[in-house]
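Note sheet for the following structure.
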Amino acid sequence: MARLTGKVALITGAAGGQGTAEAELFLREEAAVVLTDIDSAAGETLAQRLTRQGGQVVFLRQDVADEASWKEVVATALGHFGGLHILVNNAGTIARQGIVDTTVEAWNRTIAVNLTGACSA
Ligand SMILES: NC(=O)c1ccc[n+]([C@@H]2O[C@H](COP(=O)([O-])OP(=O)(O)OC[C@H]3O[C@@H](n4cnc5c(N)ncnc54)[C@H](O)[C@@H]3O)[C@@H](O)[C@H]2O)c1
């Protein structure tokens, strides 16, 4: 028996990398999956592929650093699938410059996405 039958999972930053792998894994375990990402084109393409493969999938554009977006995402998950049981706070970003070249704006954006964004859920 699949381990996530009847569960609904929200995965942020799902349009690429580990988020996509997590989505594929959760779908294999029969969860319904809400995918979010700032990259709408990649997210929509992924959602179409996974839906063609039989998954219960919905994609929403979301910037996790935008607190208001969480309400919309949760409301969509509840409206679409009738529940929300699992959150994978996967979205993240990294500033690859050294400390001397890192601007305050880049620092603040990293904190907003990686820390505040994860806490806004
Ligand atoms: N890959 C690694 O070795 C590694 C190691 C430690 C931690 N992590 C963390 O794991 C997570 C996934 O890593 P990955 O390698 O798949 O990263 P990745 O860069 O390949 O994918 C990150 C995804 O998050 C999305 N994203 C970025 N900012 C966002 C925002 N503000 N709102 C919504 N989506 C946003 C991107 O568009 C992308 O699709 C990240 O949080 C990363 O920091 C990764």
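The numbers here are math on the coordinates, done by the rules we state, and not lab data. Note that the coordinates shown come from a computational prediction; the quantities given were computed from them, not determined experimentally. Reconstructed Cβ throughout: ideal geometry from the backbone, glycine too, with neighbour counts over all protein chains shown.
Here are some notes:
- Each label point was placed 7 Å from the Cα along the Cα-to-Cβ direction; for ARG3 and ASP63 their separation is 3.5 nm.
- Across all directions, the average projected area of the convex hull around the alpha carbons of the chain is 7.7 nm².
- Acute angle (nearest 10 degrees) that the helix 40-52 long axis makes with the longest principal axis of the chain, alpha-carbon atoms: 20
- Residue among GLY55, GLY98, GLY13 with the largest mean-square fluctuation in a Gaussian network model of the chain, springs linking Cα atoms under 10 Å: GLY98
- Pair GLN18, THR45: separation of 7 Å Cα→Cβ label points (nm): 2.3
- The long axis of helix 67-81 is offset from the longest Cα principal axis of the chain by roughly 10 degrees.
- Under the criterion of Cα pairs below 8 Å and six or more residues apart, the relative contact order for the chain equals 28 percent.
- Look at ARG3, ARG109 and count the other Cβ atoms within 10 Å of each Cβ; fewest to most, that gives ARG3, ARG109.
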